[in-house]
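Values quoted throughout were computed directly from the atomic coordinates according to the rules given, and no laboratory measurement underlies them. Nothing here was measured: the structure is a model prediction, and the numbers come from that model. Reconstructed Cβ throughout: ideal geometry from the backbone, glycine too, with neighbour counts over all protein chains shown.
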Amino acid sequence: MQIVVYLFSAGFFFLSAAMMFAYHRTRHYGLFLIGLSYGGAALLAAISGQWWPLVAGFVIAWALRVMGLDPDAVRKEGEAPGKADAAPGKTE
C-alpha cells in the first residue's frame, strides 16, 4: 500500500511541476494555487506515508476549479457556473 501512496504522490508532484511551468508562462494565478495544492499534497503524502493528503489536495484543487480559478473556466457575463459551450472553439 505504501508504494501506491508514493506513486500517486509522484504523479501529483509532476502535475504540480507542470502547472508551475504553465503559471510561469501565462501568469494565471489559478494555475499557481492549484499547482500549490497538488504539490503540497504530494509533499505531505510522501513525508507522512498516508493517503489522506492526496485526497485533501484533490478536493482543494477541485474547489478552486469550481470557484473559477481554472484557466479553462473563463465565463461570459451572467453565465452560470459549469455551463459549457456546444463547440469549444466557437466565438459569437
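Compute the relative contact order of segment 2-66 as a whole-number percentage, counting only Cα pairs closer than 8 Å that sit 6 or more residues apart in sequence.
Numbers: 76 pairs, mean separation 24.3, N = 65.
Relative contact order comes out at 37 percent.
Using a simple spin-label model with points 7 Å from Cα along the Cα→Cβ vector, what separation in nm is obtained for Ala17 and Val4?
For the pair Ala17/Val4, the computed spacing is 2.5 nm.
Please arrange Tyr23, Tyr29, Tyr38 by how many other C-beta atoms lie within 10 Å of their C-beta, fewest to most.
Details: Tyr23 19, Tyr29 10, Tyr38 25.
In increasing order of surrounding Cβ atoms, one gets Tyr29, Tyr23, Tyr38.
Ranked by Cβ crowding within 10 angstrom, fewest neighbours first, how are Arg25, Arg65 ordered? Don't skip to the answer; put the middle values down first.
Numbers: Arg25 8, Arg65 15.
Listed from fewest to most nearby Cβ atoms, that is Arg25, Arg65.
How would Met20, Met67, Met1 line up from fewest to most surrounding beta-carbon atoms within 10 angstrom?
Values: Met20 16, Met67 12, Met1 6.
Ascending number of Cβ neighbours within 10 Å: Met1, Met67, Met20.
Any idea what the alpha-carbon Rg over 2.2 N^0.38 Å comes to for segment 1-77? Don't jump to the answer; show the numbers that get you there.
Details: Rg = 13.1 Å, N = 77, 2.2 N^0.38 = 11.5 Å.
Normalised Cα radius of gyration, segment 1-77: 1.14.
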